[in-house]
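Comments concern the structure below.
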Amino acid sequence: MTAHRGERRSGGDQGDERNVARARQVRAEITRQAILDGAAVAFDLGGFEGTSLSDVVRNAGVTKGALYFHFPSKEALARTLMDEQNVIAERVPATDAPGLQTVIDLTHQMAHGLRTDVRIRAGIRLVIEFGSFTHPDPTPYDAWIDTCRTCLTPAQQRGDIHPSLDVEDLSTLLVGAFTGIQVTSHVRTRREDLHTRVTDLWNFLLPTIVPPQRIALFHPTGTPGTIPIISAP
């Protein structure tokens, strides 16, 4: 009986240890997310070169020790925020019959994210800076182009895109166009008109790339009911 009670106490101790370990993991993840939120605010305002780790610590409300525990450098923080931009694109393989409308919806989803989510704004700013000025890196652009191609290839096979068009070139054009549109919208209106400008892109582009008899199948403003639209203040 004594051994049995001892075993039960031992099992209870192990359960307590697991609970403590889980609690520590939860606290660590909360701290990590706070650091990313603080970094996003700082990067969104100042860009990569204009942001210091002291800015991140101040915005996140954590110590420098906690920051270094999760992220060894400012670049590691930036890379994590940049990688988050792939989240929307990663949903595409699970989409039933991805096609041209999928790409239209993705551009509006990204536009919505840029208007409402500081982590997306910071990540996109970092992608542009890293891809153009600070440390040239085409990887995020290549990933976006690949996502577009994944959707547009079956669309062309279904007859939704002119067969003479090169889907790789079209995907590259779309990524470049969206990048330029969102930067221009940011500078001119703080992105208040971004959905309108993205809709303009598709209104001008669809008659060029889609056979006339199929244009009515597509919604340049995004699939009705699936794209959250926020009103300008």
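Spot the failing condition for ILE104; the list is (1) at pLDDT 90 or above; (2) open to solvent by 20 Å² or more (accessible area, probe 1.4 Å), and only one is missed.
(2)
Scanning segment 32-58 for residues that are in a helix (DSSP H, G or I) and over 21 Å from the mean Cα position of the chain (by Cα), which turns out nearest to LEU114 (Cα to Cα)? Working first, answer last.
Let us first name the residues in segment 32-58 that are in a helix (DSSP H, G or I), namely 32-46, 53-58.
Now narrow it down to the ones that are over 21 Å from the mean Cα position of the chain (by Cα): 53-55, 57-58.
Numbers: LEU53: 24, SER54: 25, ASP55: 22, VAL57: 23, ARG58: 23 Å.
Step by step, filter segment 32-58, then rank; the result is ASP55.
Just one of the numbered conditions (1) in a helix (DSSP H, G or I); (2) modelled with pLDDT under 95 is not true of ARG214; which one?
So the condition that ARG214 fails would be (2).
Quick test for you: out of ARG27, ARG9, pick the one residue that is at pLDDT below 90, open to solvent by 50 Å² or more (accessible area, probe 1.4 Å) and of a type outside the set (Phe, Trp, Tyr). Working first, answer last.
Numbers: ARG27 fails: at pLDDT below 90.
It is ARG9.
Filtering segment 173-222 down to residues that are open to solvent by less than 40 Å² (accessible area, probe 1.4 Å) and polar (S, T, N, Q), which residue is farthest from HIS162 (Cα to Cα)?
THR189
Looking only at segment 42-58, how many residues end up being surrounded by 19 or more Cβ atoms within 10 Å (Cβ to Cβ) and closer than 19 Å to ILE120 by Cα? Write out each step before concluding.
First pass over segment 42-58, keeping only residues surrounded by 19 or more Cβ atoms within 10 Å (Cβ to Cβ): 42-44, 48, 51, 56-57.
Those left that are additionally closer than 19 Å to ILE120 by Cα: 42-44, 48, 51, 56.
Adding up the residues that qualify gives 6.
Taking PRO163 as meeting all but one of (1) in a helix (DSSP H, G or I); (2) surrounded by fewer than 17 Cβ atoms within 10 Å (Cβ to Cβ), write down the number of the exception.
(1)
Yes or no: PRO224 outside any helix (DSSP H, G or I), farther than 23 Å from ASP83 by Cα and not aliphatic (A, V, I, L, M)?
Values: outside any helix (DSSP H, G or I): yes; farther than 23 Å from ASP83 by Cα: yes; not aliphatic (A, V, I, L, M): yes.
It is true that PRO224 is outside any helix (DSSP H, G or I), farther than 23 Å from ASP83 by Cα and not aliphatic (A, V, I, L, M).
Kindly indicate the residue of segment 63-83 that is assigned to a loop (DSSP other than H, G, I, E, B) and open to solvent by 30 Å² or more (accessible area, probe 1.4 Å) and also farthest from ASP137 (Cα to Cα) among those meeting that condition.
Step one: of segment 63-83, the residues assigned to a loop (DSSP other than H, G, I, E, B) are 63, 71-73.
This time we only want the ones that are open to solvent by 30 Å² or more (accessible area, probe 1.4 Å), so: 63, 72-73.
Working: THR63: 31, PRO72: 20, SER73: 18 Å.
Once the filter is applied, the top-ranked residue is THR63.
The values are calculated or read from the model by the stated rules, or taken from the named source; none is laboratory data. Because the structure is predicted, anything quoted here is derived from the model rather than measured. A quick note on method: Cβ atoms are made from the backbone with ideal geometry, for glycine too, and the neighbour counts reach across all protein chains shown. Note: accessible area is taken over every heavy atom of the protein model, side chains too, but ligands, DNA and RNA are not part of it. Shrake-Rupley method; radii C 1.70, N 1.55, O 1.52, S 1.80 Å.
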